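Please treat every number below as a calculation from the coordinates, not as lab data. As the structure is a computational prediction, the values presented were derived from the model and not from experiment. Counting neighbours? That spans all protein chains shown, and the Cβs are built from the backbone with ideal geometry, glycine included.
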Amino acid sequence: MSKKNIEHIIELSNELRWQIGDDFHDNLTEGIYADAANIVRDSVQTEKGKKRFRLDSKIDKIVTSKTFGFPIMFLILGVVLWLTIIGANYPSSMLANLLLDTIHPALKSGASNIGMPWWLDGFLIDGVYLAVAWVIAVMLPPMAIFFPMFTLLEDFGYLPRVAFNLDNLFKKSGAHGKQALTMSMGFGCNAAGIVATRIIDSPRERLIAIITNNFSLCNGRWPTQILIATIFIGAVVPSSFSSVAALLSVIGIAVLGMAFMFLTSWGLSKTVLKGEVSTFNLELPPYRPPRFWRTLYTSLIDRTLIVLWRAIVFAAPAGAVIWLICNIHVSGDVSIAAWLIDSFDGFGWLLGLNGVILLAYIVAIPANEIVIPTILMLTVLATGMSGGEGAGVMFELDSISATGDVLRAGGWTLLTAINLMLFSLLHNPCSTTIYTIYKETKSAKWTAVASILPVILGFIVTFLVAQIWRLF
Amino acid sequence: MQTKVVKSACETCAHFNAEGLKKLGIHAENFDFVVALAGNPNTGKSTVFNALTGLRQHTGNWPGKTVTRAEGGFQYNEQKYKLVDLPGTYSLLSTSTDEEVARDFLLFGRPDVTVIVADANRLERNLNLVLQILEITDKAVLCLNLMDEAKRNSIVIDQRVLAKDLGIPVVATSARYKEGIPELIQTISEVANGTIVCKPHRIKNVSPNIEKAVKKLSKEIEKEFPGIANSRWIAFRLLEGDSQIIEALKTGELV
C-alpha cells in the first residue's frame, strides 16, 4: 500500500462524487429500502385482514391522548412516590434502630474499652461510621422501592410514551424530544441521566439535555423533599390531609423542576446554543409484560447497590469533614463550623434560609443524601441545644416530630422549609454528576455552566420568594 | 455399560450441545473469536446478550437502552467467544455517538462473526440496518428475535427464503424465553469456523450511474487492498465524503 495510491483513490472518489450529483445519499437510502421491500415480499407472510397490535394501540390511544396523557403521567408519578414514601418508612426506622441506636453505642463502648483516644473514636465512629449508617438507613429503603417500580414501568414500555407526550413541549423549548427519556433517568440519578444523553444525536441538543438534567429531582434529593414536606407543609393543614398535602407539595417541586428544565432549555436554545430542532423517529415499542422477579433482581443489582455504594464512598469522607470542622477551633472555643455558620447567616437570611443550610450544602456536595443529617447536626451545634450526641455527631432523631422540634428551635419557619425545598431542587449537581458531565462533554466550560447555573437560579428564586413572603 | 440419559428430544438434536456450552460472564480472556451483536433499538439485543453470556445486564423496553459497548463471553466446544453488545441503531449512515460506536466496532474491531438481531414483527424496517451491515462484513448471522410476538401477530416468515436472499444463516429465537439460543450458538460457531460460508446480499436498487461509480471505485480499492471484504461499503462512504473513512484510509486503519 502506498500513499500515492491512496491519494489516487481519494481523488477518484472526489471526481466521481462530482459526477453522480448530490442526491447520492437519498438514492442509496431508497435503494436499501427497495431491496428490503423485495426481500420481505418473498419471505414474510402476514395474515390478511387481521388488524395487528390491537391492544397496544388501544392503550397507546389513552396514555398518549391529549386529554389523558398528562393526568395519567402525574397519576403514575404520584402512585410511585406515594408507595415510596409510605413503604420506605418502616424499613428506614428499622435500619436506623439497628445501625444508629444499637450498633453505634456498641462501637462507642467497644472503643472506650480498648482505650481508643477520644479524637480517633470521634473521627471514626461519630464521623465516618455515622455518616455511612445514616446514608444506608435513609437511602436504601426508598431506592429499593423506587428503582424497581421505575424499572417495571421501563420494561413495560411506558417511558417512550412519556417521551411522546412531552415531545411537543421539548420542541417548543428548542430541545430534543429524547430529552424526556434522559430526564426520566435523572429522576433516579442525574449522573445516569447524563450518560443516557448519548442517545441524542445533535451535540447542541445533547448539551442542553446535559445542562438541564440537574432539574430532575434525583434520588438523593427525594428523601429531603419528603421529610421537610412532611414536617412543615403537612403541619399547616388538618392532620387527616397532612400526608396528601406533603405528597402534593413534593410533586409540585418535581413539576416545578420540569418547568425550570423547559425554561432553561428554551433560554439556552435562544442564546448560547442556538440552532434548529432536529427531528427523530421514536419507536413506540410494544408493551411487554415485565418479568417481575427478574426485574427486581436486576434493578437491585444494577441500580440500587451501585448507587448506594457510591453514596457510601462519598458519605464516609464527608462524615469525617463534618466531625473535623465541628471539633477544630479557630479562636477560643469557636469551632470552624460555628464560625462559618455565623458568616453565612446574613446571606442565608436574604435567601430565606440560614447559615446552617448553606454550610450543609457545601459539606454535602459529594452526596445530596447527607444534607438533612448535616443540617440537623449543625443546627444542634449552633443553637447549643442538648439532644444530639455532642459536637460533630450526625444523628437521626427518633421521630419525625422531634426532627421538626430541633429545626423549629433553630429558628425555622414555613418559609425556611419552602425555600429549602426550592434550594434542594435548584443547586449545583453532586460531585459525581459534575465529574460525569466533564467526562461526557470533555469541556471545562460547559461543566462549569452546568454546575453554576442551577445555584444562581436557586439564589434568585429563594431570594424572590423570601422577599415576597416578608412583604405580607 | 453406562448409557447416557436422554432428557428430552432437544438433546438428541445436532443443534444442541449443552455440554459444550459454558457461559463465561465477563471473564472472556484469551478468546478465539470476537462476536459482535448489532441490531435496531429495542429488538432484544441485550436479552440475547444475557442469554448467551449468562450475564444479567438490565434490559429496558425503550430504544436506546444500551449506549455503550457491553462485553461478555461464552465457551462452546473448547473455543472461547468474546461477545460485544453494540448500541442499537437504525442505520450506520449518520453520525450520532451511538451509531459511531456501532459502526467503528464493525469496521475497526473486525469481529469474526456479526450477529444481527432483528425484530421478526418489523422485519422490513429492520432490514435497512441488516443490508448496511452486510456491506461491511461477510460473516454474519441473522437472529430473528421476538418470534413469540410474531406468532401472536400471525406473522409467518420463510426462513429459508430469507436466508437465501440475504446470503447468511437465519436463526429464529425468542430470547426472553431462551428459545432458539442453542441453535444460535451452534450457527455462530459454524460461521466462525468457516463451516458455513456466507454470500451476503449487496444493495441492488441503486441508479446505474451510481452503480457504475461504486464499481469503479471499489475496483481501485480492491486493487490497493487485495482480499478486502467491504470495498463496496468504503466506496459508498467515500462517495458520500465521509471524512472519518478518508482519514482511516490514509492512516491504514481499515486494513
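Using unit Cβ charges (K, R positive; D, E negative) and no other charged atoms, how large, in debye to the nearest 20, is the dipole of the range B:121-255 about its Cα centre?
Details: 20 positive and 18 negative charges, 66 e Å.
The calculated dipole for the range B:121-255 is roughly 320 debye.
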Checklist entry - Over all pairs of distinct alpha carbons, what does the Kirkwood formula give as the hydrodynamic radius of the protein assembly as shown, in Å? => result 28.7 Å
Checklist outcome for this item: Per-residue ellipticity at 222 nm attributable to helices in chain A (runs of n ≥ 4 DSSP H, -39500 (n - 2.57) apiece, nearest 500 deg cm²/dmol) works out to -22000 deg cm²/dmol
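Hey, which of these cross-link pairs are over 32 Å Cα-Cα: B:Lys164/B:Lys223; A:Lys442/B:Lys82; A:Lys178/B:Lys199?
Too far apart for the 32 Å limit: A:Lys178/B:Lys199.
Would you please report the Å³ per residue occupied by the convex hull of the alpha carbon atoms in the range B:210-255? Numbers along the way, then the final one.
Numbers: hull volume 2.7 nm³, N = 46.
Expressed per residue, the convex hull around the Cα atoms of the range B:210-255 is 59 Å³.
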Item to check | Calculated from backbone phi, Karplus (6.51, -1.76, 1.60) coupling profile of the range A:270-276 in Hz, x at Gly/Pro | outcome: 8, 10, 6, 10, 5, x, 6
Checklist entry - Using the alpha-carbon atoms, what tilt in degrees (0 to 90, nearest 10) does helix A:444-471 show relative to the longest principal axis of chain A? => result 60 degrees
Item to check | Degrees, to the nearest 10: A:305-327 long Cα axis against longest axis of chain A | outcome: 30 degrees
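Per residue of B:165-173, what is the mean number of Cβ atoms on other protein chains within 10 angstrom of that residue's Cβ?
Values: counts 6, 2, 0, 0, 0, 1, 0, 0, 0.
Average neighbour count from other chains, rounded to a whole number: 1.
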Item to check | Per-residue ³J(HN,Hα) for the range A:195-212, Karplus 6.51 cos²θ - 1.76 cosθ + 1.60, θ = phi - 60°, Hz, x for Gly and Pro | outcome: 5, 5, 5, 4, 6, 8, 6, 7, x, 5, 5, 5, 4, 4, 4, 5, 5, 8
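Report, as a whole number in µm² per second, the diffusion coefficient that Stokes-Einstein gives for the range A:192-292 at 10 °C and 1.306 mPa s using the Kirkwood radius over alpha carbon pairs. Walk me through the numbers on the way to the answer.
Details: Rh = 16.4 Å.
Taking Rh from Cα pairs, D becomes 97 µm²/s.
Give me the mean projected area, in nm² to one decimal, of the convex hull enclosing the Cα positions of the range A:300-374.
Here the figure is 5.6 nm², rounded to one decimal.
Of all DSSP beta bridges located in the protein assembly as shown, what percent are antiparallel, nearest 5?
Values: 17 of 36 bridges.
Taking every DSSP beta bridge within the protein assembly as shown, about 45 percent pair in antiparallel fashion.
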Checklist outcome for this item: Residues whose modelled amide H sits under 5 Å from the amide H of B:Leu21, counting only those 5 or more places away in sequence or on another chain, are B:Asn77
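Let's see if you can work this out: charge +1 on each Lys and Arg Cβ, -1 on each Asp and Glu Cβ, no other charges. What is the dipole magnitude of chain A about its Cα centre, in debye to the nearest 20?
Working: 33 positive and 32 negative charges, 243 e Å.
Result for chain A is approximately 1160 debye, rounded to the nearest 20.
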Next on the checklist: If the only charges are +1 at each Lys and Arg Cβ and -1 at each Asp and Glu Cβ, what is the size of the charge dipole of the range A:266-367 around the Cα centre, to the nearest 20 debye?
Outcome noted: 660 debye
Item to check | Viscosity 1.002 mPa s, 20 °C: Kirkwood-radius Stokes-Einstein D of the range A:1-47 over Cα pairs, µm²/s | outcome: 158 µm²/s
Next on the checklist: What are the extents of the Cα atoms of the range A:137-186 along their three principal axes, in Å, largest first?
Outcome noted: 41, 23, 10
Checklist entry - From the backbone phi of the range A:14-27, what are the Karplus-calculated ³J(HN,Hα) couplings (6.51 cos²θ - 1.76 cosθ + 1.60, θ = phi - 60°) in whole Hz, Gly and Pro given as x? => result 4, 5, 5, 4, 4, 5, 7, x, 8, 8, 4, 4, 5, 4
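Just the C-alpha atoms of the range A:1-145: what Rg/Rh do they give, with Rh taken as the Kirkwood radius? Please report the intermediate quantities before stating the final value.
On the way: Rg = 33.6 Å, Rh = 23.9 Å.
Result for the range A:1-145 is an Rg/Rh of 1.41.
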